[in-house]
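Here is the structure we will look at.
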Amino acid sequence: MKSVYIARCGRVKTPHIARMADMQSLSFLGTRWRLSDLLDLETLLAQGEGAVRERDRRVFAEEIGPRIADLSEARRRRVGLRLWLSQRRQRGDRDWPSEGWHGVMGLARWILFIGMMILGALLVWGLCLGGDQRVHVVIFVGLTLIVPWLGFLVLLCLRFVATRRARSPWLIRVLLRGLSRRRPEAGQRWRAAFSDTKAARRAVAARASALSQWSGLGYVVGAVGAFVVALLVFDVRFYWEATPDDDVLIHGAVAWLSSPWAALWPGAVPSDAAIQASRLMGGSGATPPGGAVAGAWWRFLLMALLVWGVVPRLVLLVWFALRERMALAGLDFQAPRHRRVWRELAGVSRGAVAEAHADGALVLDVGGHGIDGEAVRGFMLRRLRLNPTATERVSVLDNDAEAAADAALAAHPPHVVLIAADWMLSPRQTARLHARVRDTVGEAVPMVWLVVADEAGTPSAPDDEHLARWTTFIDGLRDPATEITAYDPTV
């Protein structure tokens with residue numbers, strides 16, 4: 001029988017829902033996260049308690065929950081939140097910032113491209129028209145290829161430093177500031193969304209790097225266009241100069257730059273004789289040679305711009321787009337605000353559940369306070385959809401009990417429920433216990449911390465202040481397969 005995830009920390013085997021999941025096989029092409037989706041999600045979360053409505057819970061339980069049932073714990077939250085966001089968008093009950101984001105990003109991309117294209121064209125136009133249409137090939141290559149790539153490397157280093165300091169690139173911050181003027185209440189949320197997780201920071205850095213490549217591409221495209229026009233209109237000559245009487249450096253540079261196309265187009269590679277003939281001595285006043293010598297040089301420079309200026313940037317644009325996609329695919333949504341909204345969405349409604357339809361769970365009595373699975377069995381069946389099968393004691397001064405707990409964990413139970421008293425949170429010891437259990441059962445096994453108020457071995461509802469401390473701590477573990485719930489004697 002197909003197992004379907006319904007609650008935040010349990011599974012229920014329901015034939016009807018299983019058949020529905022089979023009929024509505026999920027296509028995950030529409031669940032890919034984009035940076036604009038993060039803006040919309042954070043805008044929803046900015047509403048606080050009003051972000052999740054009763055209709056959202058009903059739609060999640062009836063439509064989204066069954067479709068993500070068979071996903072791993074790590075993917076379930078990412079896909080589930082994306083489907084919920086899509087469902088909210090389809091209602092059309094609000095203006096989404098993603099619409100403005102796409103417009104701002106498109107405008108920024110074209111402004112950078114066209115602005116740098118004009119700059120590159122003016123630079124090459126000046127080089128070709130200055131000095132009686134004589135072009136110094138070393139200066140030409142330096143200003144059109146070397147300087148832009150050096151600038152890119154500098155920006156890459158600065159981006160690396162900013163990413164390590166958990167800061168989004170300045171260009172993205174500027175664009176977000178422009179959007180924040182229309183939605184000041186969500187501006188801080190947006191900045192947090194792009195900086196509080198490593199995956200989001202990588203995606204933002206990839207987008208900023210792609211924008212820088214658009215500007216570099218515009219620069220080279222403008223340079224190529226101006227160069228071609230200058231060649232068609234003027235009699236452009238080419239030369240080079242060097243104080244040492246040694247042309248080994250220029251020969252080596254030409255051979256290295258032309259290596260990608262030398263075999264395919266030998267005419268675009270200046271020969272040794274052409275290189276020597278185009279060398280001018282300072283103050284000689286001689287005119288660089290034309291004809292075949294000039295032809296070899298302009299073909300070489302044009303190919304250098306295309307091969308070393310245009311092609312690498314197109315490759316980098318594709319690479320940064322893939323890197324952004326891969327980074328967003330790694331979003332875990334484990335920040336406290338994400339875990340809170342997930343608990344609200346994936347929470348189950350009350351109601352009796354037959355024991356045969358509940359999954360088994362190993363119960364761990366943390367601290368040995370005497371509250372076992374039988375004491376909370378009704379709550380686990382109705383709220384968690386879990387049936388306690390065995391109870392072991394952990395974090396007690398009893399080696400035999402600890403060994404029994406380790407053996408039960410090594411048997412790979414399908415679920416683990418840890419019952420802890422609300423007053424006994426010790427972050428260091430609790431983190432060690434959590435890591436111990438997780439290392440034994442694996443990353444995919446759902447774990448639930450059930451917080452109770454211990455009244456002489458009888459469970460009751462925990463204190464709100466203690467529960468808030470437990471919730472903050474568990475959320476800080478950023479474990480997608482771990483949740484926390486409070487015992488409710490009325491369930």
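Read the figures in this text as sums done on the coordinates, not as results from a lab. Since the structure is predicted, the reported quantities are computational estimates derived from the model, not experimental observations. Quick reminder, even Gly has a Cβ in these numbers, built from the backbone with ideal geometry, and neighbours come from all protein chains shown.
Calculate, in nm to one decimal, what SER86 and ALA468 gain on full extension: separation in residues at 0.36 nm each, minus their alpha carbon distance.
The SER86-ALA468 span can extend by a further 134.5 nm.
Could you tell me which trypsin sites (Lys or Arg not before Pro) in the stretch 79-152 are loop residues by DSSP with no more than 14 other beta carbons within 10 angstrom of their beta carbon?
Loop-located and lightly packed - ARG94.
Please give me the summed charge of the neighbours of LEU112: other residues whose Cβ is under 13 Å from its Cβ, Lys and Arg +1, Asp and Glu -1.
So the environment of LEU112 carries a net charge of +3.
Arrange the following residues from fewest to most other Cβ atoms within 10 Å of their Cβ: LEU231, LEU364.
LEU231, LEU364
Could you give the length gained by full extension between ARG134 and TRP110, i.e. 0.36 nm per residue of separation minus their alpha carbon distance, to one decimal place?
Length gained between ARG134 and TRP110: 5.4 nm.
Using 7 Å Cα-to-Cβ label points, what is the PHE160/GLU374 separation (nm, one decimal)?
About 6.3 nm, to one decimal.
Calculate the spin-label point distance for LEU306 paired with HIS412, positioning each point 7 Å from the Cα along the beta-carbon direction, and give it in nanometres.
Rounded to a tenth, the inter-label distance reads 5.8 nm.
Quick check: pseudo-label points 7 Å beyond the Cα along Cα→Cβ at ASP488 and ALA431, how many nm apart are they?
For the pair ASP488/ALA431, the computed spacing is 3.1 nm.
Per-residue HN-Hα couplings for the stretch 251-263, Karplus 6.51 cos²θ - 1.76 cosθ + 1.60 at θ = phi - 60°, whole Hz, x for Gly and Pro?
With coefficients 6.51, -1.76 and 1.60, one gets 5, x, 5, 5, 5, 6, 5, 8, 4, x, 10, 4, 6 Hz.
Kindly write out, for the stretch 202-218 in residue order, the coupling ³J(HN,Hα) from the Karplus curve 6.51 cos²θ - 1.76 cosθ + 1.60 (θ = phi - 60°), rounded to whole Hz, with x marking Gly and Pro.
Here the 3J(HN,Hα) series is 5, 5, 5, 4, 5, 5, 5, 5, 5, 4, 5, 6, 4, 5, x, 5, x Hz.
Quick check: Cα centre of the stretch 360-433 to Cα centre of the stretch 111-162, how many Å?
Cα centres, the stretch 360-433 to the stretch 111-162: 65 Å.
First measure r as the distance between the Cβ atoms of ALA242 and THR287, then evaluate 1/(1 + (r/R0)^6) with R0 = 30 Å and state the FRET efficiency to the nearest 0.05.
0.95
Under the 0.36 nm per residue contour assumption, what length would be gained going from the current alpha-carbon distance of LEU119 and LEU153 to full extension?
So the chain would gain 10.3 nm between LEU119 and LEU153.
Taking R0 as 35 Å, what FRET efficiency do you get between TRP256 and ARG32 from their Cβ-Cβ distance, rounded to the nearest 0.05?
E between TRP256 and ARG32, to the nearest 0.05, is 0.30.
Based on the Cβ-Cβ distance from VAL396 to ASP332, what FRET efficiency comes out when R0 is 41 Å, to the nearest 0.05?
0.80
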